[in-house]
Amino acid sequence: MAYSSRKKLVRLGECIHVVRGFQVIVDGDLAQAYGVPTKALNQAVRRNLARFPDDFAFQLSPEEMAILRSQTVTSSSGHGGRRHSAWVFTEHGALMAASVLSSPRAIEMSVFVVRAFVRLRDLSRSHATIAATLVALERKVVGHDEALKEVFAALRAIIRPPQKPGRAIGFHNR
């Protein structure tokens, strides 16, 4: 993969958010990636609603819009921003959007969208693996700490010089 492709992939990966337990991309970001106006993307979705079940695409609630707006620093409706709830697309929904748009750019960018979702999924798996390994290591270390304390205490007892000189052994003349 060329450097510019990686750079696009990273930028696209930054557009993926978690909403309702799904990793999704907002319609404006997807439309920009596909090189079409957001209005055209949403119109294509409305015309082909049967292709977009709830696990492919859904509209955000006002609360979700507010949370997403605070995360992505988009403008509010009073300042030239959106006036309708945004559509968000899962990995499968983003691919389906490319198929209903069928522009050459949409087809080309659908590959990048899929790679961004896959990369994000791989990263989340590796983070989970690292977290599980740390928990296991922590359990081992906690057990070893107690055992090491006992070993060091026994070694100190052996190494420690006697408190007062003991009575000399053998026959002594007074």
Considering amide H positions built from the backbone, and no H for Pro or chain starts, which residues 5 or more places from VAL19, or on another chain, come under 5 Å of its amide H? VAL24
For segment 50-65 and segment 117-140, compute the distance between their C-alpha centroids and round to whole Å. 29
Most to least packed among 112-119, 42-49 [average Cβ atoms within 10 Å]: 112-119, 42-49
Using the Cβ atoms and a cut-off under 14 Å, what net charge is assigned to the surroundings of ARG121, where Lys and Arg are +1 and Asp and Glu are -1? +1
Formal net charge of residues neighbouring PHE22 (Cβ-Cβ distance under 13 Å; K, R +1; D, E -1): -2
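FYI, it's all coordinate maths here, none of it is from the lab. The structure displayed is predicted, hence computed values, not measured ones. For neighbour counting, all protein chains shown are included, and Cβ atoms are generated from backbone atoms with ideal geometry for every residue, glycine included.
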